[in-house]
Amino acid sequence: MTVLSEDMFAIFDQPEFSFKKIKENHSPAEVAELKNTFKSVWQGWKKVNQTVASQLPTNKFAKVHVESWTNGWNLRDHYWASYRLSEMANANPCIGVMLDRKQLQIYLMFQHYKSEQREGTPAAYNQLLAKIPQWARNLDNTNWYLWDKDEMEFDDHLPLAKYLDNQDIQQQFNKEAQQSSFLLGKFAFRKRDDVENMEEYILTAIKELLPLYQQLL
């Protein structure tokens, strides 16, 4: 059981993530300490996601992908992992899990990055928008949000409850999201939401998203 701590968010409170710029303003010892801090938090992050993956049905899910803490030139300004159904292991839609300086997110998404190397189109994925009201019928939609791919990472997103309760908002969001793709997920916000068990929080959200995700099969 891993507590979502302030220290995990705080590592992303950096003015600079480029190794080149960091080295210009810090001593080698300071750079080494910063790297160690980032790597230590990431190792905990990786372990959390590996534990979550071990509790998902192995016959349903492909191996979890945990993105590295660096891309070689930069420290990551967030940590990310993706979960895919085995039958969609080479498809663009997936469930992403991300930690940044503002929040922990577990969300359904269409992965546009290198999408030409995988299967599935945004148009086919966006057909799920019509299924969201039915999917959400028995869901506690506290801390659930919808947003468009083109929204910035730290924008305030549309609460799912507001989307479900207002037909005009729902139609407008769907119209705009269909020009790119939508994301739908559960959040835990820094300094607002206490998460005493990250593994359980992530696992629960994945299981809640699963009935919608599986409709792509």
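Values computed for the structure shown
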| item | result |
| --- | --- |
| Among residues of segment 96-106, those that are open to solvent by 10 Å² or more (accessible area, probe 1.4 Å) and either modelled with pLDDT under 90 or not aliphatic (A, V, I, L, M) (or both), counted | 2 |
| Within segment 117-157, tally of residues that are among the polar types (S, T, N, Q), within 22 Å of Arg84 (Cβ to Cβ) and surrounded by fewer than 14 Cβ atoms within 10 Å (Cβ to Cβ) | 3 |
| Residue match in segment 4-19 (condition: open to solvent by 90 Å² or more (accessible area, probe 1.4 Å) and either more than 26 Å from Ala188 (Cα to Cα) or among the basic types (Lys, Arg) (or both)) | no |
| Segment 135-184, residues that are among the acidic types (Asp, Glu) and under 21 Å from Ile206 (Cβ atoms) | Asp140, Glu153 |
| Looking only at segment 156-210, and only at residues there that are of a type in the set (D, E, K, R) and closer than 13 Å to Tyr107 by Cβ, the one that is nearest to the chain's Cα centre (by Cα) | Lys186 |
| When residues of segment 175-200 are limited to those that are at pLDDT below 95 and assigned to a helix (DSSP H, G or I), the one most open to solvent (accessible area, probe 1.4 Å) | Lys175 |
| Test for Leu128: is it at negative phi and touching a residue at least 40 places away in the same chain (Cβ under 8 Å) | yes |
| Members of segment 151-174 that are part of a loop (DSSP other than H, G, I, E, B) and touching a Leu at 6+ places or on another chain (Cβ under 7 Å) | His157 |
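The values are calculated or read from the model by the stated rules, or taken from the named source; none is laboratory data. Everything quoted here is computed from the prediction, not taken from an experiment. When we count neighbours, we look across all protein chains shown, and the Cβ atoms used for this are built from the backbone with ideal geometry, even at glycine. Surface areas here come from the heavy atoms of the whole protein model, side chains and all, with no ligands, DNA or RNA. Shrake-Rupley method; radii C 1.70, N 1.55, O 1.52, S 1.80 Å.
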